[in-house]
Amino acid sequence: MSVAGIDRPEAVRSADWLELIRPGDLVVVAQGVGEPTVLLETVLAASPDDVDLFVGLSHSAALAPPAAMPLLSFGALGPLGAPAHRGRVGVIPAHFDDLPRVLRERGQDIVVLIQVGPVDADGTHGLGMAVDHTYELLAHARVVVAEVNDQMPPTASPRIAAATFDAVVETSRPLPVVATPPTTGVHDRIAEHVAGLVPDEATLQLGIGAMAFAIGRALSDRVGLSVRSTLVGDWLLELERSGSIRTGGGAVVISEAAGSAELYDLVTRGAIPVRPVADVVGPAARGEVARFVAVNSALEVDLTGQVNAEALPTGYIGGIGGQSEFLRAGQRSPGGRSIVALPATAGRYSRIVGSLTGDAVTSPRSNVDFVVTEHGVADLRGRSLAERADALIAIAAPEHRTTLKEGLAR
Ligand SMILES: CC(=O)SCCNC(=O)CCNC(=O)[C@H](O)C(C)(C)COP(=O)(O)OP(=O)(O)OC[C@H]1O[C@@H](n2cnc3c(N)ncnc32)[C@H](O)[C@@H]1OP(=O)(O)O
């Protein structure tokens with residue numbers, strides 16, 4: 001994903017807050033467009049001794065070269081992709097909504113670095129466009145440092161009392177624009193198949209990226225859609241422009257937006273609730289959301305339906321995120337759907353495989369009801385392992401089907 005708009009000539013930099021960090025600390029940085037990039041880059045430049053740095057979906061190019069301090073993350077997202085692939089990032093396998101607990105269980109003192117909007121008359125700051133794992137950690141942190149960005153828009157997000165902050169660094173920079181990667185004919189064919197599984201008045205969970213955008217576009221003739229998705233991209237704009245969703249009345253609930261300036265404007269002017277991750281995932285995970293349709297992508301799916309979204313034989317390249325929890329939520333929902341959508345091939349490799357090639361099962365086969373490729377839909381509901389294999393071979397690329405069948409016979 002290309003990211004533009006990180007331009008901070010007017011940033012007020014203060015190094016004093018670095019003195020609040022002690023050896024043994026875990027420094028946790030907010031992510032996405034809520035990343036306090038100035039704070040992150042200040043820590044990276046100083047690389048304090050014996051401190052772990054936990055970073056999520058980042059927009060900082062400063063992370064691409066090998067960092068001098070130990071890096072932790074929940075995946076190989078954005079600029080962490082190459083270092084994670086080379087084994088230079090300690091990946092913590094955790095559900096996205098579980099990160100606050102998991103990070104606290106490391107037993108380290110926690111320093112949270114967040115970005116907020118300007119202070120209001122009541123002495124509080126809004127989180128703006130992103131509410132992530134750092135929000136829940138505020139109550140457990142020894143130190144909280146805020147990058148106060150006067151261009152962070154006022155959204156319907158939780159607000160934080162200014163007194164919560166141990167230090168503040170003021171900046172003035174536009175939110176990063178996260179461009180949607182171009183969609184291909186394969187994405188469009190997958191999206192058409194996925195759209196066939198989405199009823200009117202469904203509640204959608206999609207991620208970001210080309211696949212999600214193509215699916216949003218393919219749903220333009222649906223009516224009464226709602227959205228309950230931790231991350232949203234410009235597909236939300238597509239749905240709004242086509243009139244497929246309402247944005248008022250809590251029909252759209254998100255934790256983070258990452259896309260164009262128009263998307264940020266929609267979230268702001270539409271008063272779309274930007275809520276803590278647990279609030280977004282929780283009702284769906286408890287089966288309280290009817291027609292909840294979760295669509296997630298993968299690197300590969302084996303012939304029993306096990307999903308790998310994390311690793312290839314060459315190394316770690318993906319992540320867990322909310323995948324397996326959202327898929328399970330799709331199963332628990334009355335009229336809901338649990339869908340894994342992926343291209344059938346990556347170059348000469350089939351992504352429908354006899355055995356997973358990467359060393360990870362991100363979602364168990366019991367969480368997966370539908371697998372979709374450009375060649376069709378494998379409906380795995382109620383099927384035995386052998387029946388699943390047949391259904392999955394039928395949506396593999398035609399040139400790989402014989403090999404997959406031969407592998408089964410062995
Ligand atoms: C709220 C949050 O922050 S959650 C964060 C976001 N969500 C998650 O982390 C959930 C987990 N999901 C993911 O990480 C991603 O959706 C992924 C990794 C599964 C898929 O990401 P995509 O960017 O769509 O992957 P894509 O299909 O382009 O594959 C990436 C590369 O690996 C290659 N590849 C993928 N699968 C295979 C395979 N089975 N064999 C060989 N190569 C492969 C692709 O060809 C591509 O190579 P390229 O970059 O040279 O073109």
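The values are calculated or read from the model by the stated rules, or taken from the named source; none is laboratory data. Remember, predicted model here, so these are calculated numbers, not experimental data. In this analysis, Cβ positions are derived from the backbone assuming ideal geometry, glycine residues included, and neighbour counts consider all displayed protein chains.
Count of the stretch 314-347 residues, restricted to those that are closer than 27 Å to Glu406 by Cβ and more than 9 Å from the ligand (Cβ to nearest atom), is 3. Any residue at all in the stretch 350-368 that is away from the ligand (no atom under 14 Å from the Cβ), modelled with pLDDT of 95 or more, of a type in the set (A, V, I, L, M, F, W, C) and not assigned by TED's automatic domain parsing to the domain that holds Asp97? Looking for residues that are away from the ligand (no atom under 14 Å from the Cβ), modelled with pLDDT of 95 or more, of a type in the set (A, V, I, L, M, F, W, C) and not assigned by TED's automatic domain parsing to the domain that holds Asp97, one finds none in the stretch 350-368, hence no. Of all residue pairs spaced 6 or more apart or on separate chains, those with beta-carbon atoms under 7 Å, a first member in the stretch 321-348 that is farther than 22 Å from Gly196 by Cα and a second member that is within 11 Å of the ligand (Cβ to nearest atom) and among the hydrophobic types (A, V, I, L, M, F, W, C) are Gly321/Phe96; Gly322/Phe96; Gly322/Val281; Glu325/Val281. Each residue in the stretch 34-62 was checked for being crowded, with 21+ Cβ neighbours inside 10 Å, among the hydrophobic types (A, V, I, L, M, F, W, C) and touching a Gly at 6+ places or on another chain (Cβ under 8 Å), and 1 pass.
On inspection, Val377 does not qualify as away from the ligand (no atom under 11 Å from the Cβ), crowded, with 22+ Cβ neighbours inside 10 Å and either under 21 Å from the mean Cα position of the chain (by Cα) or within 18 Å of Val293 (Cα to Cα) (or both).
Whether a residue is more than 16 Å from the ligand (Cβ to nearest atom), surrounded by fewer than 17 Cβ atoms within 10 Å (Cβ to Cβ) and within 23 Å of Thr155 (Cα to Cα) was assessed, and Arg173 does not pass this test. In the stretch 74-105, the qualifying residues are those that are buried (at least 16 other Cβ atoms within 10 Å of the Cβ) and among the acidic types (Asp, Glu), and the one that is nearest to Thr180 (Cα to Cα) is Asp97. Restricted to the stretch 139-151, and to residues there that are of a type in the set (A, V, I, L, M, F, W, C) and more than 16 Å from Val119 (Cβ to Cβ), the residue that is surrounded by the most Cβ atoms within 10 Å (Cβ to Cβ) is Ala141.
Of the strands (runs of 3 or more DSSP E) contained entirely in the stretch 153-211, those carrying at least 2 residues that are closer than 30 Å to Phe370 by Cβ fall at 203-205.
Here Leu71 passes the criteria (1) touching an Asp or Glu at 6+ places or on another chain (Cβ under 9 Å); (2) surrounded by fewer than 18 Cβ atoms within 10 Å (Cβ to Cβ) except the one numbered (2).
Across the stretch 214-241, the qualifying residues are those that are within 16 Å of the ligand (Cβ to nearest atom) and in a loop (DSSP other than H, G, I, E, B), and the one among them that is surrounded by the fewest Cβ atoms within 10 Å (Cβ to Cβ) is Asp234.
Checked against the criteria, Pro83 does not count as touching a residue at least 12 places away in the same chain (Cβ under 8 Å), assigned to a loop (DSSP other than H, G, I, E, B) and touching a Pro at 6+ places or on another chain (Cβ under 9 Å). All told, Val371 falls short of being under 22 Å from Ala212 (Cα atoms) and touching a His at 6+ places or on another chain (Cβ under 6 Å). Against the list (1) of a type in the set (S, T, N, Q); (2) more than 12 Å from the ligand (Cβ to nearest atom); (3) under 17 Å from the mean Cα position of the chain (by Cα), the condition Asn296 fails is (2). It is to be established whether one or more residues within the stretch 13-27 are modelled with pLDDT of 95 or more and under 23 Å from the mean Cα position of the chain (by Cα). Scanning the stretch 13-27 turns up at least one residue that is modelled with pLDDT of 95 or more and under 23 Å from the mean Cα position of the chain (by Cα). Scanning the stretch 204-222 for residues that are over 15 Å from Ser297 (Cβ atoms) and in contact with a strand residue (DSSP E or B) (Cβ under 9 Å, 6 or more places away or on another chain) yields Leu219, Arg222. The set of residues in the stretch 139-163 that are under 22 Å from Val55 (Cβ atoms) and touching a helix residue (DSSP H, G or I) at 6+ places or on another chain (Cβ under 6 Å) comprises His140, Val143, Val144, Val145, Glu147.
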